[in-house]
1. How many residues, within the stretch 113-123, are in contact (Cβ under 8 Å) with a residue 12 or more places away in the chain, out of contact with any helix residue (DSSP H, G or I) (no Cβ under 8 Å at 6 or more places or on another chain) and surrounded by fewer than 18 Cβ atoms within 10 Å (Cβ to Cβ)?
2. Give, as residue ranges, the strands (runs of 3 or more DSSP E) completely inside the stretch 10-79 that count at least 2 residues that are without any contact (Cβ under 8 Å) to a residue 40 or more places away in the chain and exposed (fewer than 15 other Cβ atoms within 10 Å of the Cβ).
3. What tally of residues in the stretch 268-311 results from selecting those that are closer than 14 Å to residue 241 by Cα, part of a helix (DSSP H, G or I) and touching an Asp or Glu at 6+ places or on another chain (Cβ under 8 Å)?
4. Residue check, residue 265 against (1) closer than 22 Å to residue 167 by Cβ; (2) outside any loop (DSSP other than H, G, I, E, B), all met but one. Which one?
5. Which residues, counting only those in the stretch 241-254, are surrounded by fewer than 15 Cβ atoms within 10 Å (Cβ to Cβ) and of a type outside the set (Asp, Glu)?
6. What are the pairs, 6+ residues apart or on separate chains, where a residue within the stretch 299-321 that is on the phi > 0 side of the Ramachandran plot and surrounded by fewer than 17 Cβ atoms within 10 Å (Cβ to Cβ) has its Cβ under 9 Å from a residue that is among the polar types (S, T, N, Q) and modelled with pLDDT of 95 or more?
7. Do you know which of the residues in the stretch 91-112 that are among the acidic types (Asp, Glu) and touching a residue at least 24 places away in the same chain (Cβ under 8 Å) is nearest to residue 204 (Cα to Cα)?
8. Take residues that are in contact (Cβ under 8 Å) with a residue 40 or more places away in the chain and within 24 Å of residue 106 (Cβ to Cβ) and tell me which of the helices (runs of 4 or more DSSP H) falling wholly in the stretch 124-229 contain 2 or more.
Amino acid sequence: MSALSHIRVLDLSRVLAGPWAGQILGDLGAEVIKVERPVTGDDTRHWGPPFLKDAQGENTAEAAYYLSANRNKQSLTVDFTRPEGQRIVRELVAQSDVLLENFKVGGLAAYGLDYASLKAINPRLIYCSITGFGQDGPYASRAGYDFMIQGLGGLMSLTGRSDAEEGAGPVKVGVALTDILTGLYATVGVLAALAHRERTGEGQHIDTALLDVQVACLGNQALNYLTTGVAPRRMGNAHPNIVPYQDFPTADGDIILTVGNDGQFRKFCEVAGHPEWAADPRFASNKARVAHRAELIPLIRQATVFRTTAEWLAALERAGVPCG
């Protein structure tokens, strides 16, 4: 029996963050009923090409993007701008444990499908709202999209080549990471609310915002700023706190070296044929290597180009040095 096989989720969300949460809950065994508007359905059904192909190799109407976030769900079309559609949703709410929605703040209240209205029907309901900027505050009424939140939330100020390199400038992550992370945070919130309900019998309203999640996920970069007052900068594939921790050229491609401690660095130096680096006061500790990054990285680059990627991987893995 799956962990959430006793849970029914009513998924009114669309695009990515909400559907991602519903998909994870479905992966955990919940029954997920995805409610879409008639005719057009979720916008991402049409976000292609590519589209799923049928048995004859012809494109169907199902975009790969939509399929990436909506497995393990049953689909239902309901027009809840009409009284009959609202009645259907309320009937489903009465028999559901969780509701996911990512409409603009107050958007569902006009149809009597806001938390206060549905709580009256089902006090045990866990109602998870996903928005760009939360349920209150100066930006609450604004729509939020992953790309703009990556910029506004600081991620793009950290992603891309350094200002000293050609092609410098802010770059978004190659997947809609803010949406996906928000889906994960929403899932965690739902699971916590289910645990709370198990003890109290009460449902909860979960307020999840893309901007909140993006700022929270700045992680060590945020704390680097809070502890120093210095805004972090774009560094390409380099790491602000660890050296060497980036890509290096090989004879036939590239290798990623992720040295996490001084012991690993000593092993790397031995494999590279330069044990003297580990004894050099400029490089002996991670703190020193970060301070002398500009001197060490060119030395490593000069050394790595004389072996193929496969040769480096084999030698480093034998020595226990993390690489890829």
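The values are calculated or read from the model by the stated rules, or taken from the named source; none is laboratory data. Computed from a prediction, not measured in an experiment: that's the story for all the values here. Positions of Cβ are generated from backbone atoms using ideal geometry, with glycine treated the same way; all protein chains shown enter the neighbour counts.
1. Initially, the stretch 113-123 is screened for residues in contact (Cβ under 8 Å) with a residue 12 or more places away in the chain, giving 113, 115, 118-119, 121-123.
Okay, now just the ones that are also out of contact with any helix residue (DSSP H, G or I) (no Cβ under 8 Å at 6 or more places or on another chain), so 115, 119, 123.
Retained after the next criterion (residues that are surrounded by fewer than 18 Cβ atoms within 10 Å (Cβ to Cβ)): 119, 123.
The qualifying residues number 2.
2. Working: elements: 31-36, 51-53, 59-63, 74-77.
Counting at least 2 such residues, we get 51-53, 59-63.
3. So the count comes out to 1.
4. (1)
5. Hits for the stretch 241-254 are 241, 249, 251, 253.
6. 320/264
7. Initially, the stretch 91-112 is screened for residues among the acidic types (Asp, Glu), giving 91, 97, 101.
Filter again for touching a residue at least 24 places away in the same chain (Cβ under 8 Å), leaving 97, 101.
Details: 97: 11, 101: 14 Å.
Selected residue: 97.
8. Numbers: elements: 146-152, 177-200, 210-216, 219-228.
In the stretch 124-229, the matching helices (runs of 4 or more DSSP H) lie at 146-152, 177-200, 210-216.
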